[in-house]
Amino acid sequence: MAIERAGKQSMIMVLDVLRKYSDSEHKLTQQDITDRIKKDHNVKLEPKAVKRNVLSLLEAGYDIDYTETLRMRKGQEQAIMTDFYIHREFK
């Protein structure tokens, strides 16, 4: 079976992975999330798309934590987001 490319549903897949596999004790990197999406949904998602989707989820009000670090790339500082996890929803 061929691996599909992510489309508009990529945000839902990122949210699904965060809900299933992350919490404050189990943080995920961008690569962890893309690997899990590939395994669970047979879809290839670029790591930079994870950041874009997480930012959209945060804007929509989801309680997602992450670590932001700075790195130098081509003479410029860039913010890297990693160690993502979603706060559990209790009912």
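Restricted to the stretch 2-28, and to residues there that are touching a Lys or Arg at 6+ places or on another chain (Cβ under 8 Å) and surrounded by 15 or more Cβ atoms within 10 Å (Cβ to Cβ), the residue that is modelled with the lowest pLDDT is A6. If you go through the stretch 43-91 and keep only what is surrounded by 10 or more Cβ atoms within 10 Å (Cβ to Cβ), more than 16 Å from Q9 (Cβ to Cβ) and of a type in the set (S, T, N, Q), you end up with T67, T69, Q78, T82. The residues of the stretch 29-42 that are open to solvent by 10 Å² or more (accessible area, probe 1.4 Å) and touching a residue at least 40 places away in the same chain (Cβ under 8 Å), listed by number, are T29, Q30, N42.
May I ask you to verify whether R52 is under 12 Å from the mean Cα position of the chain (by Cα), touching a residue at least 12 places away in the same chain (Cβ under 8 Å) and outside any loop (DSSP other than H, G, I, E, B)?
Values: under 12 Å from the mean Cα position of the chain (by Cα): yes; touching a residue at least 12 places away in the same chain (Cβ under 8 Å): no; outside any loop (DSSP other than H, G, I, E, B): yes.
Spelling it out, it is not the case that R52 is under 12 Å from the mean Cα position of the chain (by Cα), touching a residue at least 12 places away in the same chain (Cβ under 8 Å) and outside any loop (DSSP other than H, G, I, E, B).
The values are calculated or read from the model by the stated rules, or taken from the named source; none is laboratory data. Worth saying up front: this structure is predicted, and the values here are computed from it rather than measured. FYI the Cβ positions are ideal-geometry reconstructions off the backbone, even for glycines, and counts take in every protein chain you see. Areas reflect the complete protein model, heavy atoms only, side chains present, ligands, DNA and RNA absent. Shrake-Rupley method; radii C 1.70, N 1.55, O 1.52, S 1.80 Å.
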